[in-house]
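Undergrad: Structure in structure tokens, see below.
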Amino acid sequence: MWRRTVVVVFVCLGAGQVLSNAQEFKLFDRTVQVHGFVSQGFVYTNDNNWLTMDTSQGSAAFTDFGLNVSAPVTDKLRVGAQVYDRNLGQLGQYHPSLDWAVVDYRFKSWFGVRGGKVKTTLGLYTDTQDEDFLRVFALLPQSVYPTDLREATIAHLGGDIYGRLSLKRHLGEFLYTAYAGHRSDSIYSGYPYYFSSFGAHITSYGGLQYGADLRWNTPLKGLLIGASRMNEDITGKGSAINAFNPGAGLVPYSEASKADWINQFYGEYTVGRLRIDSEYRRYWRNQELFSGTSESFADVRGWYVSGAYRICKRLQIGSYYSRYTVTNVVAGALSAFYPPATDTSLPADHDYDKVITGRVDLNKFWNVKIEGHFMNGYGSGPYPNGFYTQVNPQGFKTDTNALVVRTSVYF
Amino acid sequence: MKCLTLLLVGAGLMRFASADALAGDIKVIANSSVKADVITAVELKRVFLEQNNSLGDGTHVEPVLEKDGPVHEAFLQEFLGRTDDDLQTYYRALVFTGRGSMPKELDSDAEVVAYVAKTRGALGYVSTATSVEGVKILAIVPAGNAAHRTLITRVEPEYPETLKYLNIGGTVRLQVTISAKGNVEKVEVLGGNPILAESAISAVKQWVYTAGHSRITVEESILFGSHP
């Protein structure tokens with residue numbers, strides 16, 4: 001895996017540098033643009049293994065890249081698509097996916113539609129969470145943007161309506177997006193991996209997603225505030241070990257949403273070289289498990305405050321505090337195996353993360369970041385959040401310090 | 001140390017003075033397919049942030065930027081309120097989510113003029129010293145000037161042959177009442193040669209401005225001949 005990672009990274013870095021000057025061509029008198037990125041990370045933790053990697057030994061199994069092609073067909077119509085691939089410890093494993101493929105028609109600035117596989121608008125960064133070069137931090141706050149669960153919110157196969165409404169009397173403008181579609185998780189993503197810790201083998205995971213986002217560019221220059229809502233109806237299918245009779249082998253497994261929603265509130269303020277962000281996300285999930293024989297109620301809450309400052313053209317620094325808590329209650333037959341987890345002061349039910357970062361831009365297309373994480377809690381409870389039992393068979397320690405080094409090339 | 005401090009302060013002052021001078025030295029140019037003669041600062045910002053790809057009159061436009069340099073920096077500072085790094089990040093966010101394209105970026109004023117001249121809807125900026133043959137210059141109206149209406153259709157007045165032959169010209173000053181929809185409702189002469197004023201009135205009555213919240217009155221000056 002090491003060798004493969006190194007080869008992929010060097011090929012992509014080289015291609016990135018070469019392509020940075022050759023990214024468009026003409027086709028039927030239309031300008032077609034080609035853009036891409038590749039990112040390579042290294043993570044070292046003092047104790048627990050993190051993000052499905054063997055980080056306590058130092059891990060570079062943290063590679064991702066994307067390539068997109070897009071073109072305007074008419075003045076109002078544009079099309080494009082992006083392929084994305086990653087390897088993050090046990091996730092992704094270099095199985096490429098169609099990240100987005102969109103037909104976008106903008107009737108007016110206040111009304112447009114786009115359809116296909118569309119990046120989901122949820123909070124400040126859901127749609128751009130893979131492109132770390134767009135911000136100072138190597139990892140977004142995991143309380144709100146868990147990279148191991150990116151596929152849960154990253155895109156939907158369906159459609160959006162969107163627009164921008166200017167308000168009278170210098171009251172700023174509203175930006176709205178409403179969407180509906182189908183989410184489909186790869187079997188190499190976070191949820192199937194999490195279920196494998198219980199001996200379950202998930203073959204399909206996904207369902208309906210619909211929601212909306214409304215953000216307000218306020219009259220105060222640089223201040224944006226907004227709110228997002230997402231509803232889901234998710235079904236998972238596969239096979240699992242029968243908890244009551246483990247020796248009987250695998251039995252069919254299914255789970256389905258009874259209630260599944262996210263509320264997210266956010267604000268962003270930019271003044272001069274300083275940028276401050278803050279977001280709050282609550283994720284409520286009520287599922288039927290094992291064909292309705294059991295039921296779980298999970299309440300996941302996360303928030304963060306971050307600040308980033310550009311010292312000079314090539315150097316930025318940043319810091320954030322991220323706080324994640326989870327509670328879970330299981331009812332029905334499985335309740336005997338899963339006692340209620342409702343005390344968020346326990347390290348198994350929270351993850352508090354203090355982060356400092358430095359970013360150096362080596363040139364216009366290449367940056368390097370060094371980031372320190374100082375975490376309390378591992379939040380591994382009934383809902384995954386970066387810490388998994390499969391890569392921590394010895395059990396969890398309360399605190400984890402992590403060093404993340406990440407470099408990205410983009411064109 | 002004192003010398004160093006003075007040097008740094010001096011350099012800083014020069015930088016600010018230079019940026020101020022450049023902000024006023026920018027002219028916005030457009031391909032001849034663009035009908036408008038003026039553009040508001042708000043429109044300019046929206047076009048360059050890819051929030052709008054047409055102007056009030058429906059003309060399709062696409063932004064053209066310079067890669068770097070003082071004119072580029074001054075334009076970003078004055079009209080977009082962003083640094084080049086912030087703007088690049090903004091464009092990349094559009095590109096990698098399928099919501100926009102990287103705009104054309106060129107190396108020099110001359111390249112921008114050449115590209116704008118040959119590309120339908122192209123809208124760029126250059127320093128005022130640049131020769132702008134083959135493109136039109138758009139006047140920039142400051143943001144927040146609510147009373148202003150953008151002239152989107154201009155009909156040139158006829159210069160009566162007799163007066164032209166006799167070299168009788170000058171400026172006609174008119175008071176123009178514009179409806180909320182942007183049509184010219186009333187034109188009154190404030191000054192100038194009465195014969196030239198008749199011609200001016202007849203032309204100005206055909207002018208169309210952008211729509212607004214209510215009726216407004218503006219003053220227009222029209223020059224006949226080369227001397228005011």
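The values are calculated or read from the model by the stated rules, or taken from the named source; none is laboratory data. As the structure is a computational prediction, the values presented were derived from the model and not from experiment. Note: ideal-geometry Cβ built from the backbone for every residue, glycine included; neighbour counts use all protein chains shown.
Undergrad: State yes or no: is B:GLU156 at pLDDT 90 or above and either charged (D, E, K, R) or in contact with a Lys or Arg (Cβ under 6 Å, 6 or more places away or on another chain) (or both)?
TA: Spelling it out, it is not the case that B:GLU156 is at pLDDT 90 or above and either charged (D, E, K, R) or in contact with a Lys or Arg (Cβ under 6 Å, 6 or more places away or on another chain) (or both).
Undergrad: Which one of these does B:GLY98 not meet: (1) at positive phi; (2) surrounded by fewer than 20 Cβ atoms within 10 Å (Cβ to Cβ); (3) over 17 Å from the mean Cα position of the chain (by Cα)?
TA: Every listed condition holds for B:GLY98 apart from (2).
Undergrad: Run down A:VAL136, A:VAL118 and say which single residue is hydrophobic (A, V, I, L, M, F, W, C) and within 9 Å of chain B (Cβ to nearest Cβ).
TA: Details: A:VAL136 fails: within 9 Å of chain B (Cβ to nearest Cβ).
Unique residue meeting the criteria: A:VAL118.
Undergrad: Shifting gears a bit: Hey, can you tell me all the residues within the range A:83-115 that are over 21 Å from A:GLY211 (Cβ atoms), touching a Gly at 6+ places or on another chain (Cβ under 6 Å) and more than 11 Å from chain B (Cβ to nearest Cβ)?
TA: Answer for the range A:83-115, where residues must be over 21 Å from A:GLY211 (Cβ atoms), touching a Gly at 6+ places or on another chain (Cβ under 6 Å) and more than 11 Å from chain B (Cβ to nearest Cβ): just A:ARG86.
Undergrad: Here is a further query. State whether the residues of the range A:305-315 include one that is among the small types (Gly, Ala, Ser), touching a strand residue (DSSP E or B) at 6+ places or on another chain (Cβ under 6 Å), crowded, with 20+ Cβ neighbours inside 10 Å and under 30 Å from B:GLU78 (Cα atoms).
TA: Checked against the condition, which is being among the small types (Gly, Ala, Ser), touching a strand residue (DSSP E or B) at 6+ places or on another chain (Cβ under 6 Å), crowded, with 20+ Cβ neighbours inside 10 Å and under 30 Å from B:GLU78 (Cα atoms), the range A:305-315 yields at least one hit.
Undergrad: When A:GLY123 is evaluated against the numbered criteria (1) on the phi > 0 side of the Ramachandran plot; (2) more than 12 Å from chain B (Cβ to nearest Cβ); (3) modelled with pLDDT of 95 or more; (4) surrounded by fewer than 23 Cβ atoms within 10 Å (Cβ to Cβ), which criterion, by number, is the only one it fails?
TA: (4)
Undergrad: Let me spell it out: the conditions are (1) outside any helix (DSSP H, G or I); (2) touching a residue at least 24 places away in the same chain (Cβ under 8 Å), and A:TYR145 meets all of them except one. Which number is the exception?
TA: (2)
Undergrad: Please report, ordered by residue number, the helices (runs of 4 or more DSSP H) entirely within the range B:21-128 with at least 3 residues that are at the interface with another protein chain (Cβ under 10 Å from one of its Cβ atoms).
TA: Counting at least 3 such residues, we get B:84-95.
Undergrad: Also: Being within 14 Å of the chain's Cα centre (by Cα) and free of Cβ contacts under 8 Å to residues at least 60 places away in the same chain is the filter here, so list the residues in the range A:86-96 that pass it.
TA: The answer is A:ARG86, and nothing else.
Undergrad: Here's something else I'd like to know. Those residues that are of a type in the set (Val, Ile, Thr) and either surrounded by fewer than 17 Cβ atoms within 10 Å (Cβ to Cβ) or in a loop (DSSP other than H, G, I, E, B) (or both), I need them from the range A:277-302; list them, please.
TA: A:THR293
Undergrad: Another question, if that's okay. Taking A:PHE42 as the residue in question, decide whether it is assigned to a strand (DSSP E or B), in contact (Cβ under 8 Å) with a residue 40 or more places away in the chain and within 14 Å of another protein chain (Cβ to nearest Cβ).
TA: no
Undergrad: Yes or no: A:VAL103 over 28 Å from A:THR400 (Cβ atoms) and of a type outside the set (S, T, N, Q)?
TA: yes
Undergrad: Quick one: count up the residues across the range B:169-194 that are exposed (fewer than 14 other Cβ atoms within 10 Å of the Cβ) and not in a strand (DSSP E or B).
TA: Count: 3.
Undergrad: Condition check: aliphatic (A, V, I, L, M), more than 12 Å from every other protein chain (Cβ to nearest Cβ) and part of a helix (DSSP H, G or I). Does B:LEU163 satisfy that?
TA: For B:LEU163, the condition - aliphatic (A, V, I, L, M), more than 12 Å from every other protein chain (Cβ to nearest Cβ) and part of a helix (DSSP H, G or I) - is met.
Undergrad: Of all residues in the range A:54-80, which are of a type in the set (A, V, I, L, M, F, W, C) and either over 20 Å from A:PHE374 (Cβ atoms) or in contact with a helix residue (DSSP H, G or I) (Cβ under 7 Å, 6 or more places away or on another chain) (or both)?
TA: A:ALA60, A:ALA61, A:PHE65, A:LEU67, A:VAL69, A:ALA71, A:VAL73, A:LEU77, A:VAL79 - these are the residues of the range A:54-80 that are of a type in the set (A, V, I, L, M, F, W, C) and either over 20 Å from A:PHE374 (Cβ atoms) or in contact with a helix residue (DSSP H, G or I) (Cβ under 7 Å, 6 or more places away or on another chain) (or both).
Undergrad: Have a look at B:ALA197, B:ALA211 and point out the one that is on the phi < 0 side of the Ramachandran plot, in contact (Cβ under 8 Å) with a residue 12 or more places away in the chain, part of a loop (DSSP other than H, G, I, E, B) and not assigned by TED's automatic domain parsing to the domain that holds B:GLY56.
TA: B:ALA211
Undergrad: Looking only at the range A:383-410, which residues are surrounded by fewer than 22 Cβ atoms within 10 Å (Cβ to Cβ) and not in a strand (DSSP E or B)?
TA: A:PRO384, A:THR389, A:GLN390, A:VAL391, A:ASN392, A:PRO393, A:GLN394, A:GLY395, A:PHE396, A:LYS397, A:THR398
Undergrad: Hey, A:SER186 hits all of (1) in contact (Cβ under 8 Å) with a residue 60 or more places away in the chain; (2) out of contact with any Ser or Thr (no Cβ under 9 Å at 6 or more places or on another chain) but one; which does it fall short on?
TA: All conditions are met except number (2).
Undergrad: Among B:LYS104, B:LYS67, which is in contact with a Gly (Cβ under 9 Å, 6 or more places away or on another chain) and under 15 Å from B:TYR125 (Cα atoms)?
TA: On the way: B:LYS67 fails: in contact with a Gly (Cβ under 9 Å, 6 or more places away or on another chain).
Result: B:LYS104 is the single residue among B:LYS104, B:LYS67 that is in contact with a Gly (Cβ under 9 Å, 6 or more places away or on another chain) and under 15 Å from B:TYR125 (Cα atoms).
Undergrad: Further question: Would you say A:TYR44 is of a type in the set (Phe, Trp, Tyr), in contact with a helix residue (DSSP H, G or I) (Cβ under 7 Å, 6 or more places away or on another chain) and either surrounded by fewer than 19 Cβ atoms within 10 Å (Cβ to Cβ) or at pLDDT below 95 (or both)?
TA: For A:TYR44, the condition - of a type in the set (Phe, Trp, Tyr), in contact with a helix residue (DSSP H, G or I) (Cβ under 7 Å, 6 or more places away or on another chain) and either surrounded by fewer than 19 Cβ atoms within 10 Å (Cβ to Cβ) or at pLDDT below 95 (or both) - is met.
Undergrad: Scan the range A:314-327 residue by residue and report those that are more than 25 Å from the chain's Cα centre (by Cα) and either farther than 20 Å from B:ASP85 by Cα or of a type in the set (A, V, I, L, M) (or both).
TA: Once the filter is applied, which keeps residues that are more than 25 Å from the chain's Cα centre (by Cα) and either farther than 20 Å from B:ASP85 by Cα or of a type in the set (A, V, I, L, M) (or both), the range A:314-327 yields only A:LEU315.
Undergrad: Mind telling me which of the residues A:VAL305, A:VAL330 ends up being farther than 30 Å from B:GLY81 by Cβ and part of a strand (DSSP E or B)?
TA: A:VAL330
Undergrad: Please go through the range A:11-34 and give me each residue that is among the small types (Gly, Ala, Ser) and either loosely packed, with under 12 Cβ neighbours inside 10 Å or at pLDDT 85 or above (or both), ordered by number.
TA: Selection gives A:ALA22 alone.
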